[in-house]
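Chemist: Sharing a structure with you now.
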Amino acid sequence: MTENEKTLTKFYTAFTNADASTMCECYHPDIKFRDPVFGLLKGNQACDMWKMLIKSSKGNIIIVFSNIEADEYLGTAKWVATYNFSKTKRKVINEVSSHFHFKNGLIIKHTDDFDIWKWSKQAFGIPGILFGWTGFMQKKIHEKAISSLKDYQKNKQ
């Protein structure tokens, strides 16, 4: 196992254990994170996102990771999150492909890819089925996610 594979294993093991602080230890201070919901997050925003998501799950999230591969510069992983979406209490099973860039043994770029329409159908039911594929609804999902993150950052202690 390469050092960067160990870093990814540490990251996802911490995620499995709802340990956002350890996840953040795997990130370079200049981390750039991107996914279909939050868009681009930089530095502390990325760590705060994981902390917020873990806190809002209240321990009711199951993470299963696999296919970790990494060399000196790049890495990939697959993971599945199973949880109840906090706003609707609907069950979501989100299948994610992750891509990483490393610098000095830490993750400096992290991109999560998943089908936002499939996610929105599970999270919102009929509205997600009908409108989750539209740019309008995806923009609303993004705006609400960023608003929640800003509220979390403002109120964290």
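The values are calculated or read from the model by the stated rules, or taken from the named source; none is laboratory data. All figures in this text were calculated on a predicted structure; none of them were measured in a lab. All Cβ positions, even for glycine, are placed from backbone atoms using ideal geometry, and neighbour counts span all protein chains on display.
Chemist: Starting from residues that are among the charged types (D, E, K, R) and surrounded by 14 or more Cβ atoms within 10 Å (Cβ to Cβ), keep the ones in region 96-114 and report whichever is nearest to the chain's Cα centre (by Cα).
Modeler: The extreme case among them is ASP112.
Chemist: While we're on this one: Taking region 124-157 as the search range and keeping residues that are hydrophobic (A, V, I, L, M, F, W, C) and loosely packed, with under 13 Cβ neighbours inside 10 Å, which one is nearest to ASP35 (Cα to Cα)?
Modeler: Going through the qualifying residues, I end up with PHE136.
Chemist: A follow-up question, please. If a residue has to be in contact with a Phe, Trp or Tyr (Cβ under 9 Å, 6 or more places away or on another chain) and either more than 12 Å from TYR27 (Cα to Cα) or at pLDDT below 95 (or both) to count, how many in region 2-11 make the cut?
Modeler: Number satisfying all stated conditions: 2.
Chemist: Give the residue, chosen from PHE131, PHE85, that is of a type in the set (A, V, I, L, M, F, W, C), farther than 19 Å from LEU8 by Cα, within 16 Å of the chain's Cα centre (by Cα) and modelled with pLDDT under 95.
Modeler: Testing whether each residue is of a type in the set (A, V, I, L, M, F, W, C), farther than 19 Å from LEU8 by Cα, within 16 Å of the chain's Cα centre (by Cα) and modelled with pLDDT under 95 leaves just PHE85.
Chemist: Pull up region 52-61, narrow it to residues that are more than 12 Å from SER148 (Cβ to Cβ) and in contact (Cβ under 8 Å) with a residue 40 or more places away in the chain, then point me to the one that is surrounded by the fewest Cβ atoms within 10 Å (Cβ to Cβ).
Modeler: Checking each candidate, the answer is GLY59.
Chemist: Next up: Select from region 97-122 the residues that are over 14 Å from CYS26 (Cβ atoms), in contact (Cβ under 8 Å) with a residue 24 or more places away in the chain and in a strand (DSSP E or B) and list them in ascending order.
Modeler: Once the filter is applied, which keeps residues that are over 14 Å from CYS26 (Cβ atoms), in contact (Cβ under 8 Å) with a residue 24 or more places away in the chain and in a strand (DSSP E or B), region 97-122 yields HIS99, THR111, ASP112, ASP113.
Chemist: Still on this structure, I have one more. Answer yes if at least one residue in region 65-74 is among the β-branched types (Val, Ile, Thr), over 20 Å from LEU41 (Cβ atoms) and modelled with pLDDT of 95 or more, and no otherwise.
Modeler: yes
Chemist: Of all residues in region 62-84, count the ones that are closer than 17 Å to MET23 by Cβ and in contact (Cβ under 8 Å) with a residue 60 or more places away in the chain.
Modeler: Count: 5.
Chemist: Separate question: When you scan region 17-51, how many residues do you find that are under 29 Å from LYS121 (Cβ atoms), surrounded by fewer than 15 Cβ atoms within 10 Å (Cβ to Cβ) and touching a residue at least 40 places away in the same chain (Cβ under 8 Å)?
Modeler: Of the residues in that region, 1 qualify.
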